[in-house]
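Written out below as structure tokens is the structure these notes cover.
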Amino acid sequence: MLAASLYWPASRTSPREFSMPEEQSKTTMAVDELQAIIQRCQILEEADFKGEDFNLFQVAGQKCLEDGCAAQLLEVIKNEKNKDRISDDVLRLAGMELIFFMVVCMMLHCRSVTKVALVIIKNMGWNLISPLVRCIFMYEQKDDKREQCLKILDQLAQLCNPKELFLGLLEQIEQTSGEQVCQTVMLLLQPLQTVLLKLQNKKAYSVGLSLAVIMNQLTPLPVPYTRQQIEEDKLGLCQCCNAVVDFAKPFVNEAVKNMEKSSEYNDMELKEELLKFCMKSLRYPLLTAQFEQLEGIEEHPFRRFATEIIDILWDIRELIPLVFSHRKGKSPLWENQEFADIEQKNDADSLACLSYLMFVQHFGIDCFPIVFSPSYLLQCNMIHIEVLLKRTEESILSKGLDLFESCLLRMEDNSLLHQYLEFRDFISIPQDLVKVMTLCPIEHLRKKSLSILQLFIDKFDAEGKYTLFRCLLKTSNHAGVEGYIIKNIKDQIHLSLTKASDNIWFTGHHLVSLLGLVFLLPEGAETDLLQNSDRIMASLNLLRYLVIKDCESDNQTGVWAALANIEHNFLKPLRVGLNMSKAHYEAEIKNKKENRREAHSSTTVSSVTVSGEKMPAMTTEMQLQVLHSALFTFDLIESVLARVEELMEVKIKAVMDENS
């Protein structure tokens with residue numbers, strides 16, 4: 001009989017008798033063929049089994065099912081006396097691997113195992129991974145049938161050829177997609193760990209391949225960011241990440257032991273694979289994850305994951321070297337430059353995330369040496385800050401701002417030497433801040449970048465501030481930012497004039513050189529005054545302050561000696577530009593009013609151009625409001641200009657009266 005011949009040789013009495021159905025269908029050629037293969041295999045020793053034996057067994061078993069003989073086997077299992085051994089649904093889902101599946105089930109429930117069953121399971125059991133996973137996901141968590149399947153999976157991990165089962169498990173993980181990725185990974189982590197611990201040859205490579213495959217499958221999944229998303233964890237990513245770390249712990253311990261024994265390269269391979277895993281984990285999910293403590297969540301899943309990754313880096317002695325250097329260790333030499341650039345970018349992202357975790361979230365900070373000065377730490381972190389600030393994702397950009405702020409807050413005002421501006425990052429990062437301030441669509445990030453820019457300015461000594469102001473005035477290309485810098489210049493001049501100590505950088509000829517960049521219209525009288533109104537108003541307010549605060553007789557700032565240039569480069573073209581702009585906008589207003597009367601309606605929708613930019617379609621009334629607002633701005637500039645000119649005349653007249 002087919003079922004009996006599958007498990008027990010005809011010459012033996014089975015350790016458990018199975019009840020057979022009363023009526024049996026006629027044995028087909030496929031069944032005869034399968035019985036013949038089993039009988040031939042029973043006389044072979046395990047070492048004598050060949051690949052063709054397994055292939056013949058698999059093909060014959062599949063043919064039995066195709067010819068309709070599966071019902072025979074199923075009736076054996078469905079019989080009331082055998083019901084406790086395996087569920088019908090499991091068998092149905094096993095599909096073409098039914099024969100092998102039944103062998104495994106019998107091994108779980110019988111007192112002894114035939115040589116044929118043991119050899120087949122050892123060498124072919126990995127074929128059962130896919131149907132097993134399907135069965136497990138079919139049942140609820142506490143279903144007894146699910147527990148049966150889990151026991152079978154555990155038995156496979158114990159009995160199968162480790163190399164074959166390792167490949168089968170990885171293949172199953174790779175084939176999973178969508179919502180089942182995390183479930184599949186968590187399901188197979190334990191058997192995968194069991195198999196890896198059994199491997200002797202190429203264990204480091206196999207561990208690295210396993211971690212790489214798992215992380216590659218997780219990477220496309222969105223990282224939960226808000227409190228609600230983290231609590232729900234719909235895809236199971238939070239739970240899965242921490243399960244992967246637990247999976248890696250035995251191999252971390254083994255790597256540590258290897259390091260204690262020897263420093264030879266062969267013993268360092270496992271360490272290198274774990275380092276790759278940590279670097280990838282820093283890039284995903286930690287680079288995107290949110291780490292602030294959330295009310296109602298006792299253990300933040302990503303905080304725990306970050307702690308574990310930092311601990312691994314510390315255990316394998318890579319934490320401190322990574323903080324102070326670029327990618328450590330051997331990087332593959334890519335023939336394709338594009339691949340090399342991608343790897344370099346990935347490493348930069350990982351190291352930037354590591355710095356954020358240490359210096360902002362204080363993971364592993366207890367391991368960090370306290371001998372470094374705040375200015376040195378800022379210098380080390382500038383490259384990481386630049387990497388983060390060039391990203392556009394809110395979660396990553398905010399990390400860059402937080403890291404920059406954290407480094408600056410460690411320093412005292414006026415303590416950062418101007419020589420640091422010789423480093424490229426100290427010039428490029430303020431420009432990145434300007435881009436965030438002016439281009440980022442997220443308001444709180446724009447505001448924070450502005451406050452950090454001010455913090456950065458405050459940390460420099462006088463010469464550093466002076467150099468930074470010159471750079472930003474030349475490179476920002478944004479009137480609002482330029483106006484902000486000019487206000488800072490005014491504040492520094494005020495400190496120089498009111499403090500007892502002499503500040504040569506914001507008085508005398510140095511200041512006159514800087515004022516040459518301030519009192520300047522980019523395109524002379526044709527400059528768009530509306531678009532540059534912030535800069536123009538800040539410049540006029542600075543000039544008014546200088547005229548009031550610095551007497552011509554003292555001329556500490558040097559502004560009176562530079563007055564002729566200021567008049568030629570700034571005041572005169574500003575007057576001409578104001579007259580031209582006002583005349584233009586007044587003419588536009590007149591035309592709009594005339595068009596409105598002709599149309600006898602104020603609801604006509606059209607567009608208007610302001611400051612060189614075409615405004616969205618709006619009614620005539622709305623356009624008139626915009627034009628009147630522009631005229632108001634010109635009137636405001638003109639009133640401040642008139643006040644400055646009045647003060648200058650009064651001062652000059654007073655000096656002339658004194659000299660006469």
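The values are calculated or read from the model by the stated rules, or taken from the named source; none is laboratory data. Treat the numbers as computed from the prediction; the structure is a model and nothing was measured. Don't worry about glycine lacking a Cβ; one is built from the backbone with ideal geometry, like all the others, and counts go over all protein chains shown. The area values use the complete protein model at the heavy-atom level, side chains included, leaving out ligands, DNA and RNA. Shrake-Rupley method; radii C 1.70, N 1.55, O 1.52, S 1.80 Å.
Listing for the model above:
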{"item": "Residues that are part of a loop (DSSP other than H, G, I, E, B) and modelled with pLDDT of 95 or more, drawn from segment 259-287", "result": "Leu287"}
{"item": "Residue ID - farthest from the chain's Cα centre (by Cα), chosen from residues in segment 414-427 that are closer than 19 Å to Thr475 by Cα and surrounded by 15 or more Cβ atoms within 10 Å (Cβ to Cβ)", "result": "His418"}
{"item": "Those residues of segment 473-500 which are open to solvent by less than 70 Å² (accessible area, probe 1.4 Å), among the small types (Gly, Ala, Ser) and more than 42 Å from the chain's Cα centre (by Cα), in sequence order", "result": "Ser496"}
{"item": "Residue among Leu571, Leu529, Leu520 that is part of a loop (DSSP other than H, G, I, E, B), farther than 28 Å from Asn414 by Cβ, open to solvent by less than 30 Å² (accessible area, probe 1.4 Å) and modelled with pLDDT of 90 or more", "result": "Leu529"}
{"item": "Close pairs (7 angstrom Cβ cut-off, 6 or more residues apart or separate chains): of a type in the set (Ser, Thr, Tyr) in segment 204-233, not in a loop (DSSP other than H, G, I, E, B) anywhere", "result": "Ser206/Phe166; Ser206/Leu196; Ser210/Leu170; Ser210/Leu192; Ser210/Leu196; Thr219/Tyr284; Tyr225/Ser395"}
{"item": "Test: Leu286 is crowded, with 17+ Cβ neighbours inside 10 Å and in contact with a Cys (Cβ under 7 Å, 6 or more places away or on another chain)", "result": "yes"}
{"item": "Residue within segment 122-137 that is surrounded by fewer than 17 Cβ atoms within 10 Å (Cβ to Cβ), more than 23 Å from Leu199 (Cα to Cα) and at pLDDT below 90 present", "result": "yes"}
{"item": "Top-ranked residue of segment 553-568 - restricted to ones that are over 21 Å from Ser533 (Cβ atoms), touching a residue at least 12 places away in the same chain (Cβ under 8 Å) and part of a helix (DSSP H, G or I), ranked as least open to solvent (accessible area, probe 1.4 Å)", "result": "Leu563"}
{"item": "Selected residue (criterion: nearest to Ser476 (Cα to Cα)) from residues of segment 542-552 that are open to solvent by 50 Å² or more (accessible area, probe 1.4 Å) and in a helix (DSSP H, G or I)", "result": "Arg544"}
{"item": "Verdict on Leu450 being hydrophobic (A, V, I, L, M, F, W, C), modelled with pLDDT of 95 or more and within 22 Å of the chain's Cα centre (by Cα)", "result": "no"}
{"item": "Flag for Ile485 being under 21 Å from Val434 (Cα atoms) and not charged (D, E, K, R)", "result": "yes"}
{"item": "Enumeration of residues in segment 398-410 that are open to solvent by 10 Å² or more (accessible area, probe 1.4 Å) and either closer than 12 Å to Ser451 by Cα or out of contact with any His (no Cβ under 9 Å at 6 or more places or on another chain) (or both)", "result": "Asp402, Glu405, Ser406, Leu409, Arg410"}
{"item": "Positions within segment 155-189 being open to solvent by 80 Å² or more (accessible area, probe 1.4 Å) and either touching a Leu at 6+ places or on another chain (Cβ under 8 Å) or over 16 Å from Gly208 (Cα atoms) (or both), in sequence order", "result": "Gln158, Lys163, Gln175, Ser177, Glu179, Gln180, Gln183"}
{"item": "Inter-residue pairs, beta-carbon under 8 Å, first under 19 Å from Cys135 (Cβ atoms) and in segment 169-186, second among the small types (Gly, Ala, Ser) and in a helix (DSSP H, G or I), 6+ apart", "result": "Gln172/Ser130; Gln175/Ser130; Val185/Ala243; Met186/Ala243"}
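Yes/no matrix, rows are residues, columns are (1) part of a helix (DSSP H, G or I); (2) modelled with pLDDT of 85 or more; (3) open to solvent by 80 Å² or more (accessible area, probe 1.4 Å):
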site	(1), (2), (3)
Met580	yes, yes, yes
His584	yes, yes, yes
Lys592	yes, no, no
Arg597	yes, no, yes
Pro616	no, no, yes
Asp635	yes, yes, no
Glu646	yes, yes, yes
Val655	yes, no, no
